[in-house]
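Before any comments, here is the structure.
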Amino acid sequence: MTLASSAAGERLVFGKFELAPTARGLWRSGVPVKLGARALDILIVLASRPGEILSKDELTRLVWGGACVDETAVRVAISAVRKALGEGEDCITTVPGRGYCFVLEVARRWPDASGGGPLQIRRLPPQITRVVGREAVIDALARELTRRRLLSLVGPGGIGKTTVALAVAARLGDAFDTIAFVDLAPIADGSQLSAGVAAALGLNLRLQQDPIEEIAVAIEGRRVLVLLDNCEHLLDPVAGFVEDLIGRAAGVTILATTRELLRAAGEWVHQLTPLEAPPYSSTISANEALGYSAVEMFEDRAALALGGYQLDDADAPYVADICRRLDGIALAIELAAGRLASLGVQGLAGSLEDCFRILTHGRRTALPRHQTLRATFDWSFQLLSPEDQAALRRLSVFSGTFTLDDAAAVIEGDRRAADAADWMTSLVDKSLVVMSLSGRMIQYSLLETTRAYAQQKLAEAGEAGAYRRRHAEHTSAAFDTAQAEWGRRPVRDWLQAYCGQLGNLRAALDWAFSSEGDGAIGAALTAAAAPLWFHLPLLDEGMARVERAIAWTRDQPSPDRRLMLQLHAVSNWPRVQAVGGTPGAAAARQETLALALELEDVDYQLQAVWALLIACANRGAAAEALAMADRFAALAQQASDPQDQVIARRLRGKSLHFLGDFAGSRREAEQMLELYEPRRSHLVRFQYDQRLTAQITLARDLWLQGYADRALALVEQMIADAQALDHTLTLGAVVCDA
């Protein structure tokens, strides 16, 4: 049988070879090549699915019909194919532990009934590594692409757009007559775009003709998918090209990958999100961590890099931390996994403070901008206008979420958000700033890797000091507002408004107490942020921040006495609950009271006396606690809020309880509950909800007086109320003490 007389059907063309699966023939430069039946079957299966890794089990199912076959038989057939093609080891790659992959360039041909000659399908670039965590996205996009003419896959550099697009195209092989892959990265001039697409389609353009019209005529009557990869540097010419081609060729569909929308007519956009990384946990198990796609990918790539790797419970917290700090960005995770051999898991986790120095060893065959994490960001940064570059590096002072008003205040120096809207929109469009909706408010953030890169650019520009100061001042003003609102807004609403600022709070304080910072801003901000530290709760971190602010304030030539008072009062809150006391607690309480007396501040005197009362109760000095309760009651007569006198009854009741006067204790608690009008500010001043705290004493009195049923009913109601209050410290007190 000659090539000319062979049966009609699809032809697979690679190098000098042409393979006819239907006719079961193989030719080299038109000359038949002899190949055994099993070897030919192996070749047909692998060449029909180029770039895919087929396992030994799958090959035996397809070639031997699932019969039990020794792996040696598969290896012999593979060896025969390699020998027949004369391409050494390059035609079929063995992937250790996974199977075999045909890696030669493959084009598909069919006889053309119109006489116009065959149109090629170019082989998609092979995906040697497994696609992880994208199955649902690939399925959804494959379905969507059968209904759309233009679909843009958008996302930041290194997130995996090309990988997903290639998988989608491979999934749709049967839905199109022709698939052409066009990498636009090497194309610097939009005028070369038509030629690049034509070359991918196997067409030779005549320079005198309209190139798009030539392409449209050549593909007329065919279903054609064109995958345009890396469009971000040619947005205008690509948008014009795809609109023109889609308008002239009814059967063409465009799948584009880009870091920024094309903004072409009919464009349907899918924003590709990072792989899912675990939340912080120091005790996460390997099984739990592998439920997140970012960790699954890390394990897969680490196994390739090390010749085998399986995540265990010891490594799991470190790997989870690595994936979280790398924002679930596929390229960064792949680069990180490649450094395991030299750093180990713990060493890698500890080195990511400078991820751009560490993540530098990409695949040699990858595009230059994908061989290091810095190169990936450099590519995006160089495409920005000078205005957008300046905005991005200055936005790096934010840690966590921020609003357009926040950005305008810090970057523009005022609150005219309209002036910042243009560059913010541009950076969102370019996938460098993430936009999200919180309730009805639009918020923005930077991925941590983007933020780290932009911070380096900020330092290189000599702007770090000025803009970190602006950020700290803005954050301090925001928490002054938060402190004022604490007593007026529902707790859940208040937390929703300010919890997102925790990252900005930490960043501002870290700068303020650094050698380049301003401790005055830091000390004031520490005091203002107290409600947030202790409500979340973050007691250990909050105490460390407060102690740092106290030390800085005390070291000043002329310390701000009122600020010292505020900070000492804050530092007393967690200390008063330590039954055995904490180092320096007694001195801190006395210093707070002395400062409050010096400044004639009744409110802070009340807080100091309350702290001393709790200390007495904790060490079992009930009589001293009662004396302090009476002192609190006397001070409350001078306070502006009459509710302080009501709270004095609760304090007396608790002291009487521990003195054994259960009737007197119950009387004080019941009168307090009858007169008390809740204040949200009391959660800050006294750490716990005062109504529920009084009921703890009342429940204990009822129990000890023999009213067990009433006591148990009250406790059940208290637990329900504490859960509804959504205040962890109060709930803990009710459960432990009632």
Taking the Cβ of G155 as the centre, find all other residues whose Cβ is under 11 Å away and add up their charges (Lys, Arg: +1; Asp, Glu: -1). +1
Label zone at L597 (point 7 Å along Cα-to-Cβ), backbone N below 20 Å, segment 543-569: 561-569
If you line up the long axis of helix 539-554 against the longest principal axis of the chain, both from Cα atoms, how many degrees apart are they, to the nearest 10? 70 degrees
What accessible area, in Å² to the nearest ten, does a 1.4 Å probe give for D493? 70 Å²
Heavy-atom SASA rank of T253, T283, T273, T93 (probe 1.4 Å, accessible area, largest first): T283, T273, T93, T253
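Given the Cα-Cα distance of D422 and A477 and 0.36 nm per residue of separation, how much length would full extension add, in nm?
Details: separation 55, 0.36 × 55 = 19.80 nm, distance 2.54 nm.
Extra length from D422 to A477 when fully extended: 17.3 nm.
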Using only the alpha carbons of segment 449-545, determine the length spanned along each of the three principal axes and report them from longest to shortest in whole angstroms. 44, 27, 24
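What does the C-alpha gyration tensor say about the overall shape of segment 285-350? Classify as rounded when a/c is under 1.5, otherwise prolate if a/b is larger than b/c, or oblate. Kindly include the intermediate steps, with their values, before the conclusion.
Values: a/c = 1.24, a/b = 1.12, b/c = 1.11.
Rounded, since a/c falls under 1.5.
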Roughly what angle does helix 690-704 make with the longest principal axis of the chain, taking Cα atoms, 0 to 90 degrees, to the nearest 10? 70 degrees
Which of [x] 112, 61, 45; [y] 100, 62, 51; [z] 97, 68, 53 is the computed Cα extents along the principal axes in Å for the structure on display? [x]
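Counting only protein heavy atoms and using a 1.4 Å probe, what share of the accessible area of the chain belongs to carbon plus sulfur, as a whole percent? Could you put the intermediate results ahead of the total?
On the way: 16510 of 32770 Å².
Carbon-and-sulfur percentage of accessible area, whole number: 50.
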Using only protein heavy atoms and a 1.4 Å probe, report how much of H682 is accessible, in Å² to the nearest 10. 0 Å²
Largest first, what is the accessible-area ranking of S281, S380, S640 with a 1.4 Å probe? S640, S281, S380
Filter K16/K161; K16/K83; K161/K430 down to the pairs with a C-alpha to C-alpha distance above 23 Å, please. K16/K161
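List the trypsin sites (Lys or Arg not before Pro) within segment 155-219 that fall in a DSSP loop (any state other than H, G, I, E or B) and whose Cβ has at most 15 other Cβ atoms within 10 Å.
In loop regions of segment 155-219 (DSSP not H, G, I, E or B), the sparsely surrounded trypsin sites (Lys or Arg not before Pro) are R206.
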Rounding to the nearest 10 and keeping the result within 0 to 90°, find how far the Cα-based axis of helix 316-325 lies from the longest principal axis of the chain. 80 degrees
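Could you calculate the FRET efficiency of A314 with L704 from 1/(1 + (r/R0)^6), where r is the beta carbon distance between them and R0 is 35 Å, rounded to 0.05?
0.10
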Relative contact order of the chain: what whole-number percent is it, with Cα pairs under 8 angstrom and at least 6 residues apart? 6 percent
Given the chain, what percent of its DSSP beta bridges are antiparallel, to the nearest 5? 55 percent
Can you tell me the accessible area per residue over the chain, all protein chains present, probe 1.4 angstrom, in square angstrom? 44 Å²
Report the Cα-based extents of segment 229-306 along its three principal axes, largest first, to the nearest Å. 58, 26, 24
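Gain in length, D210 to A195, computed as 0.36 nm per residue apart minus the alpha-carbon separation, to one decimal in nm? Working shown, then result.
On the way: separation 15, 0.36 × 15 = 5.40 nm, distance 1.12 nm.
Going from the current span to full extension adds 4.3 nm.
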Need the full-extension length gain, K56 to D236, defined as separation in residues times 0.36 nm minus the C-alpha distance. One decimal, nm. 60.1 nm
If ligands, DNA and RNA are left out, what is the accessible area of V13 with a 1.4 Å probe, given in Å² to the nearest 10? 20 Å²
Which of rounded, prolate or oblate describes segment 673-738 when judged by the alpha-carbon gyration tensor and an a/c cut-off of 1.5? prolate
Hey, what did segment 643-684 get for relative contact order, percent, Cα under 8 Å, at least 6 apart? 42 percent
Would you compute the Debye intensity of segment 598-738 from its alpha-carbon atoms alone, equal scatterers and no solvent, and pass along log10 I(q)/I(0) at q = 0.15 Å⁻¹ to two decimals? -0.71
If DNA, RNA and ligands are ignored and the probe is 1.4 Å, what is the ranking of M424, M628 by accessible area, most exposed first? M628, M424
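Would you work out the charge dipole size for the chain about its Cα centre, treating the Cβ of every Lys and Arg as +1 and the Cβ of every Asp and Glu as -1, and quote it to the nearest 20 debye?
On the way: 76 positive and 90 negative charges, 335 e Å.
Magnitude of the dipole: close to 1600 debye.
The values are calculated or read from the model by the stated rules, or taken from the named source; none is laboratory data. From a predicted model like this one, the values you see are computed outputs, not experimental measurements. In this analysis, Cβ positions are derived from the backbone assuming ideal geometry, glycine residues included, and neighbour counts consider all displayed protein chains. Accessible surface is based on the protein model in full, side chains and every heavy atom, while ligands, DNA and RNA are left aside. Shrake-Rupley method; radii C 1.70, N 1.55, O 1.52, S 1.80 Å.
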